[in-house]
1. Pairs, please: C-beta under 6 Å, at least 6 apart or cross-chain, first residue closer than 13 Å to Thr25 by Cα and in the range 73-91, second modelled with pLDDT of 90 or more and aromatic (Phe, Trp, Tyr)?
2. Of all residues in the range 79-132, which are out of contact with any helix residue (DSSP H, G or I) (no Cβ under 7 Å at 6 or more places or on another chain) and hydrophobic (A, V, I, L, M, F, W, C)?
3. For the subset of the range 28-62 comprising residues that are in contact (Cβ under 8 Å) with a residue 60 or more places away in the chain and under 21 Å from Glu84 (Cβ atoms), which member is surrounded by the fewest Cβ atoms within 10 Å (Cβ to Cβ)?
4. Within the set of pairs 6+ apart or on separate chains, which have a first residue in the range 11-23 that is in the same structural domain as Glu54 (by TED's automatic domain parsing), a second that is surrounded by 11 or more Cβ atoms within 10 Å (Cβ to Cβ) and polar (S, T, N, Q), and C-beta atoms under 8 Å apart?
Amino acid sequence: MNDASILDRIQTDMAAAMKSRDADTLSTLRMLKAALMEAKTKKPKDEVLGRDEEIEVLQRYAKKRRESIEELKKLGRVERVPREQQEIEVTQRYLPEALGEADLLALVREAVAATGAAGPKDMGKVIGAVMAKVKGRADGSMVSQLVKQALSG
């Protein structure tokens, strides 16, 4: 990624989406911008969001979309799933590239060794150590699942 903030990139892409009349992408970009602006207003007056904070906001947005997809499927409203999926895809453009499962598993094993975790009761320590290292490049549920496997087997 370049030095421009994620918010700046979103604003540039919003202009492009307006010009190309891509209403779905534009809608998602507006929602992302609103989420970032809301997070910015929670900070003291002259402070700006750091790169990690911007990534965290976008990850929360993507997580909400994934949870919405699960709920829609449970309720039988599958016609709305593609729209939610498209929002996730637009959001992913601004997030760092996700780690593969093999890379993540290596980090989990490293964290288990570093924390001296012996069983499931140490899961929190290991997850905390892994999440600090991946900083937005992995989904928390995937990390949790891999840690559980590593500690139980």
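1. Partner pairs satisfying both residue conditions: Thr91/Tyr61.
2. Ala98, Ala102, Ala106, Ala113, Ala118, Ala132
3. Per the stated criteria, the residue is Glu56.
4. Sorted first by the residue in the range 11-23, then by its partner, the pairs are Asp13/Thr25; Ala17/Thr25.
The values are calculated or read from the model by the stated rules, or taken from the named source; none is laboratory data. All values reported here derive from a predicted model rather than from experimental measurement. Here Cβ is always computed from backbone atoms with ideal geometry, including for glycine, and neighbour counts include all displayed protein chains.
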